[in-house]
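J.: Sharing a structure here in structure tokens format.
The values are calculated or read from the model by the stated rules, or taken from the named source; none is laboratory data. Bear in mind that the values here come from a model prediction, so they are computed numbers and not experimental data. Please note: Cβ atoms are built from the backbone with ideal geometry, for glycine as well, and neighbour counts cover all protein chains shown.
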């Protein structure tokens, strides 16, 4: 088993330069510092040491540590770390909502701990107005310090409770039920957000995979049709040039259209923020930007620029032409 594991690691290290990301001079060194690769580097020596120490008089704690390192092999189930990447991406996207939820939970927990500390001392007839409790003779306080009440709050909200400490007063029990339920709901809201976010991101990833699969099938269909067309009706070179012009890099077309629409939207927002000099001029600009949003490709850029140049005058006309040209024509 260890021989197979070492060979597999060596083959992966040898073939890693097939990926363009690791094709540099220090590509293999960069690959060695990945999380999964570091786990492999820890597992291989640990397994060898277990085989060497087998049958010898070795401390049991050392063997337990080496066996625990063997458990890290479970990370090989998700070698590409796709689940962790989704989780990290989801946390980054919803970090402010998660921070707000956990902050509210913390505030509710602090209020619960303070109220428990005060009401329980009141129920036992203990004076808690000073820096320390004034305990009557023969009375054992349920919560001697604020740390005890905070420990009880955390254990009650996050677990079912250990039963090592619990309130005695009726008012304290009622407040623990109400505030503990509120703290539990706010804490679970963050967990629900994480689970729902992961579900939505997995659905989006599956949708993208299906789209890519259909795109490859469409490309294969076009290739087969073109080969059949060349085999049955070959008239070089005009049709071949036309086919390359129309069908070359089909996967880029949609990205270009979306990019042009986004740039045109930014341009329209920038024009709307400016103060219009003439009502007719502003109406014409809105119509031009609407056409850009509707079509969103390079072929419409020059005619619309000519319309804009014939209508506007002065430096504003030149700056607008330069802006539209840079956004729609030169960046494609």
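J.: If you go through the stretch 26-41 one residue at a time, how many are touching a helix residue (DSSP H, G or I) at 6+ places or on another chain (Cβ under 7 Å) and outside any helix (DSSP H, G or I)?
T.: Residues in the stretch 26-41 being touching a helix residue (DSSP H, G or I) at 6+ places or on another chain (Cβ under 7 Å) and outside any helix (DSSP H, G or I): 0 in total.
J.: Within the stretch 152-169, count every residue that is more than 33 Å from the chain's Cα centre (by Cα) and modelled with pLDDT of 85 or more.
T.: Total satisfying the criteria: 1.
J.: While we're here: Quick one: would you say residue 207 is surrounded by 12 or more Cβ atoms within 10 Å (Cβ to Cβ), assigned to a helix (DSSP H, G or I) and either in contact with a strand residue (DSSP E or B) (Cβ under 7 Å, 6 or more places away or on another chain) or without any contact (Cβ under 8 Å) to a residue 24 or more places away in the chain (or both)?
T.: Considered against the rule, which asks whether it is surrounded by 12 or more Cβ atoms within 10 Å (Cβ to Cβ), assigned to a helix (DSSP H, G or I) and either in contact with a strand residue (DSSP E or B) (Cβ under 7 Å, 6 or more places away or on another chain) or without any contact (Cβ under 8 Å) to a residue 24 or more places away in the chain (or both), residue 207 comes out as no.
J.: Take residue 241 and decide whether it is more than 32 Å from the chain's Cα centre (by Cα), more than 30 Å from residue 125 (Cβ to Cβ) and at pLDDT 75 or above.
T.: In short, no.
J.: Another one. When you look at residue 182, is it modelled with pLDDT of 85 or more and either over 30 Å from residue 203 (Cα atoms) or out of contact with any strand residue (DSSP E or B) (no Cβ under 9 Å at 6 or more places or on another chain) (or both), yes or no?
T.: Yes.
J.: To continue, here is another question. Looking at (1) surrounded by 10 or more Cβ atoms within 10 Å (Cβ to Cβ); (2) at pLDDT below 80, which is the one condition that is false for residue 138?
T.: Looking at each condition in turn, residue 138 falls short on (1).
J.: So, in the stretch 203-235, exactly how many residues are touching a helix residue (DSSP H, G or I) at 6+ places or on another chain (Cβ under 7 Å) and either over 30 Å from residue 84 (Cβ atoms) or at pLDDT 80 or above (or both)?
T.: 3
J.: What is the one condition in (1) outside the structural domain of residue 157 (by TED's automatic domain parsing); (2) surrounded by fewer than 14 Cβ atoms within 10 Å (Cβ to Cβ); (3) modelled with pLDDT of 70 or more that residue 188 does not satisfy?
T.: (1)
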